[in-house]
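One structure below.
The values are calculated or read from the model by the stated rules, or taken from the named source; none is laboratory data. Remember, it's a predicted structure, so these values are computed and weren't measured experimentally. Positions of Cβ are backbone-derived with ideal geometry, glycine not excepted, and every protein chain shown enters the neighbour counts. The accessibility values were calculated without ligands, DNA or RNA, using every heavy atom of the protein model including side chains. Shrake-Rupley method; radii C 1.70, N 1.55, O 1.52, S 1.80 Å.
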Amino acid sequence: MGFPIHRPRRLRKNELIRSMVRETSLDVKDMVQPFFVVPGEKVVEPVKAMPGVFRYSVDTLIEEVKKTRDLGIPAVILFGIPEKKDPLATGAYDDNGIIQRAVRAIKEKVDGILVITDVCLCEYTSHGHCGLVKGKEIVNDATLELLAKTAVSHARAGADIVAPSDMMDGRVMAIREALDREGFVDVAIMSYSAKYASSFYGPFREAAESAPSFGDRRSYQMDPANAREAIREVGLDIEEGADIVMVKPALSYLDIIRVVRDSYLEVPIAAYSVSGEYSMIKIAGEAGVIDYKSVVLEVLTSIKRAGADIIITYFANEVATWLR
Ligand code: PBG
């Protein structure tokens, strides 16, 4: 039995009734704001490929993190650009490295916000790959130890959550064991579990100076054509001890967020709306070809509707001001 008994428009009559039956809503408490940290002082340097995004030194970062906290956003995620890069990514696990200094400064000066650190080697290796390189190969097992050292070093600086984004096999377990061994049993792991070899990371690689100097990341990041494999990757990370799992990118991967949500009830899911997603919308908005604000809200709502609990987005601070 359909029309005229059924008239779905009854529930769309006005905003009051629409708001009563709305299935999904955006909340500042679901959002994480990313930041890029560089050496130096008083640095506020625009990222060309990401209008409205800047790279900060530790001192200027502190002010931005305070603003983020005051907007009600519960967490920031930090990416570091070191003074120097080398084949062993020593800057990644240096207790005096850029991220370690940034985390310590935030923990000293800003209350009431969680600090998540991206755990990866690509910003710290001279070749720009996320693992150690032997010939043309990105080697898995030898990389695990360096990732674990990096995570422990972030925890020692005060990180609340570490987020491995390298896509080496077994890294969640290696990191969990190392954290526990050092007494950081309460530091959580947010794993980039289903991370695709995506071209949407282009603008980020300018911001983080992390483009690989040869080849690409397809021998460790996932094939964009695969969905079933995401279920496997997420399952392995949960078994290895991930507290939160992530799907990345978000917008072209809403089906993956949904299938992960339906496959695993036991963990929160984060979705990373990446640099390319940000820049497409930002630049189209500046060109006047889309209604910027409503497109941003529609896209972020769709990511929640797909099943994400947490959204990592460069729009977080701006959206928080709109939601107030
Ligand atoms: C590090 C890392 C990347 C991103 C997050 N962590 C880049 C990459 O894998 O090349 C991308 C984030 C973005 O595009 O916003 N491995």
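Suppose we keep only residues that are of a type outside the set (S, T, Y) and under 18 Å from T313 (Cβ atoms) within the range 182-204. Which one would you say is nearest to the ligand (Cβ to nearest atom)?
This residue is F204.
Quick check on the range 205-253: of everything there that is under 25 Å from I161 (Cα atoms) and among the aromatic types (F, W, Y), which residue is farthest from the ligand (Cβ to nearest atom)?
Residue satisfying both the conditions and the ranking: Y253.
Of all residues in the range 139-185, count the ones that are buried (at least 22 other Cβ atoms within 10 Å of the Cβ) and in a strand (DSSP E or B).
Here the count works out to 3.
Out of all the residues in the range 211-220, is one or more closer than 22 Å to I99 by Cα and in contact (Cβ under 8 Å) with a residue 24 or more places away in the chain?
yes
Just a yes or no: is a residue in the range 200-215 charged (D, E, K, R) and more than 17 Å from the chain's Cα centre (by Cα)?
Checking the range 200-215: not a single residue is charged (D, E, K, R) and more than 17 Å from the chain's Cα centre (by Cα).
If only one of V28, V65 is more than 19 Å from C120 (Cβ to Cβ) and open to solvent by 20 Å² or more (accessible area, probe 1.4 Å), which one is it?
Details: V65 fails: open to solvent by 20 Å² or more (accessible area, probe 1.4 Å).
Checking each option against the conditions leaves just V28.
For the range 225-323, list the helices (runs of 4 or more DSSP H) that sit wholly inside it and hold at least 1 residues that are over 21 Å from P74 (Cα atoms) and either out of contact with any strand residue (DSSP E or B) (no Cβ under 9 Å at 6 or more places or on another chain) or open to solvent by 10 Å² or more (accessible area, probe 1.4 Å) (or both); which are they?
Counting at least 1 such residues, we get 228-240, 254-263, 275-286, 292-305.
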